[in-house]
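Below is one structure, written out as structure tokens; the observations come after it.
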Amino acid sequence: MRGLHLVPAGIDVSFISKRLIFFVFSAALALASVGLFLSKGLNYGIDFQGGIMIEVRTPEAANIGDMRKTLGSLGLGEVALQEFGQPTDVLIRIQRQPGGEEAQDAAVKKIHDTLGAKVEYRRTEFVGPKVSDELFWDGIMAVGLAILAILAYIWFRFEWQFGFGAVVALSHDVISTIGIFALLGLEFNLSTVAAILTIAGYSINDTVVVYDRVRENLRKFKKLPLSEVLNNSINQTLSRTVMTSVTTLLALLALFFLGGEVIRDFSFAMIWGVIIGTYSSICLAVPLLIYLNIDRGGAMVEGLSDEEAAAKEAP
């Protein structure tokens with residue numbers, strides 16, 4: 001019984017010969033993302049702007065949609081609601097109001113007046129600018145440390161050239177994700193940072209799969225031109241890469257359309273990350289190896305061609 005193949009067996013797409021097109025496109029995408037970040041900026045959520053958090057308990061299961069619509073019409077700016085533990089517990093987050101403490105108190109009073117006495121107000125907290133600033137820099141540090149840890153892992157498992165290629169691809173994914181959020185004005189919060197870290201893990205998984213095949217083929221085919229070795233490695237793992245990406249996208253699309261407003265931005269970041277991460281693993285991480293003078297080590301059987309030696313070494 002034959003399985004499903006989204007990519008035909010024996011496919012031979014010339015990725016490496018088109019590397020300059022990929023490099024120019026990726027550089028333009030990264031520069032555009034940086035330009036959008038500097039000019040337009042990000043739509044920071046309450047986590048990074050500061051604001052008000054109110055935890056309430058309703059007599060019965062809360063209708064999050066109706067509450068969101070009601071509170072969103074009060075003119076308080078961004079209002080985010082999510083179920084908190086039980087169906088009757090709701091966490092309400094409101095962006096920091098212009099003005100001092102009096103403005104924040106006025107916003108809390110407006111919420112109380114709107115929801116009425118039937119709701120139990122369990123706690124009210126204010127997230128000040130200092131806390132939100134710390135959260136912002138902690139998020140940046142988390143992403144930076146994750147990339148450095150990935151660099152060390154790839155360097156240890158392969159060679160430094162592979163680590164460099166992987167980090168370039170990961171940086172490209174992170175920068176382009178920030179750019180798409182700046183372009184569309186989507187909320188950028190701690191959930192988005194979590195999505196970026198997840199994207200980095202997903203992307204490096206794809207990259208390691210291709211790099212494993214590259215390393216294997218480098219040792220088997222020492223006489224074959226490097227560009228052919230790299231291109232063959234991409235094509236040999238292409239079916240697995242595409243199948244993994246498509247199945248992941250199916251789950252993420254379900255979350256995006258059916259998961260509700262609370263996780264929509266997170267789902268969008270993941271969808272973009274899977275697409276751009278798959279692209280960078282194939283079109284950036286591997287083609288960059290041509291310019292990095294990688295070691296084509298590995299003993300070959302004396303007097304045999306590359307194909308004969310590969311056949312002899314095969315289990």
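The values are calculated or read from the model by the stated rules, or taken from the named source; none is laboratory data. These numbers were taken from a predicted model, which means no experiment stands behind them. When we count neighbours, we look across all protein chains shown, and the Cβ atoms used for this are built from the backbone with ideal geometry, even at glycine.
Observations on the model:
- When Val143, Val119 are checked against the criterion of being hydrophobic (A, V, I, L, M, F, W, C) and touching a strand residue (DSSP E or B) at 6+ places or on another chain (Cβ under 6 Å), a single residue qualifies: Val119.
- Residue among Ser239, Ser245, Ser267 that is under 18 Å from Ala169 (Cα atoms) and out of contact with any Cys (no Cβ under 9 Å at 6 or more places or on another chain): Ser245
- Test: residue in the range 36-53 that is under 30 Å from Ala285 (Cα atoms), modelled with pLDDT under 90 and among the aliphatic types (A, V, I, L, M): yes
- Looking only at the range 151-201, residues that are at pLDDT below 90, closer than 25 Å to Asp265 by Cα, assigned to a helix (DSSP H, G or I) and polar (S, T, N, Q) come to 3 in all.
- Summed over the range 202-214, the residues that are at pLDDT below 90 and not β-branched (Val, Ile, Thr) give a count of 4.
- Pairs are defined by a Cβ separation below 6 Å, a sequence spacing of at least 6 or placement on different chains, a first member in the range 72-86 that is under 13 Å from Glu261 (Cα atoms), and a second member that is in a loop (DSSP other than H, G, I, E, B); the pairs so defined are Gln82/Val262.
- Condition met for Ser17 (among the small types (Gly, Ala, Ser), closer than 30 Å to Ser171 by Cα and more than 26 Å from the chain's Cα centre (by Cα)): yes
- Selection of the range 164-193 for residues being within 28 Å of Gly50 (Cα to Cα) and hydrophobic (A, V, I, L, M, F, W, C) yields Val174, Ile175, Ile178, Ile180, Phe181, Ala182, Leu183, Leu184, Leu186, Phe188, Leu190, Val193.
- Residue among Leu284, Leu249, Leu238, Leu258 that alone is crowded, with 21+ Cβ neighbours inside 10 Å and either in contact with a Gly (Cβ under 7 Å, 6 or more places away or on another chain) or on the phi < 0 side of the Ramachandran plot (or both): Leu284
- Some residue of the range 71-83 being assigned to a loop (DSSP other than H, G, I, E, B), over 24 Å from Phe188 (Cβ atoms) and modelled with pLDDT under 85: no
- Residue match in the range 159-170 (condition: within 13 Å of the chain's Cα centre (by Cα) and either assigned by TED's automatic domain parsing to the domain that holds Val262 or surrounded by 17 or more Cβ atoms within 10 Å (Cβ to Cβ) (or both)): yes
- Scanning the range 261-270 for residues that are assigned to a helix (DSSP H, G or I) and either surrounded by fewer than 18 Cβ atoms within 10 Å (Cβ to Cβ) or of a type in the set (Gly, Ala, Ser) (or both) turns up Arg264, Ser267, Ala269.
- Enumeration of residues in the range 92-128 that are modelled with pLDDT under 85 and in contact with an Asp or Glu (Cβ under 6 Å, 6 or more places away or on another chain): Gln95, Arg123
- Qualifying residue in the range 127-136 (condition: within 19 Å of the chain's Cα centre (by Cα) and under 24 Å from Glu261 (Cα atoms)): yes
- Check on Ser191, surrounded by fewer than 18 Cβ atoms within 10 Å (Cβ to Cβ) and of a type in the set (S, T, N, Q): yes
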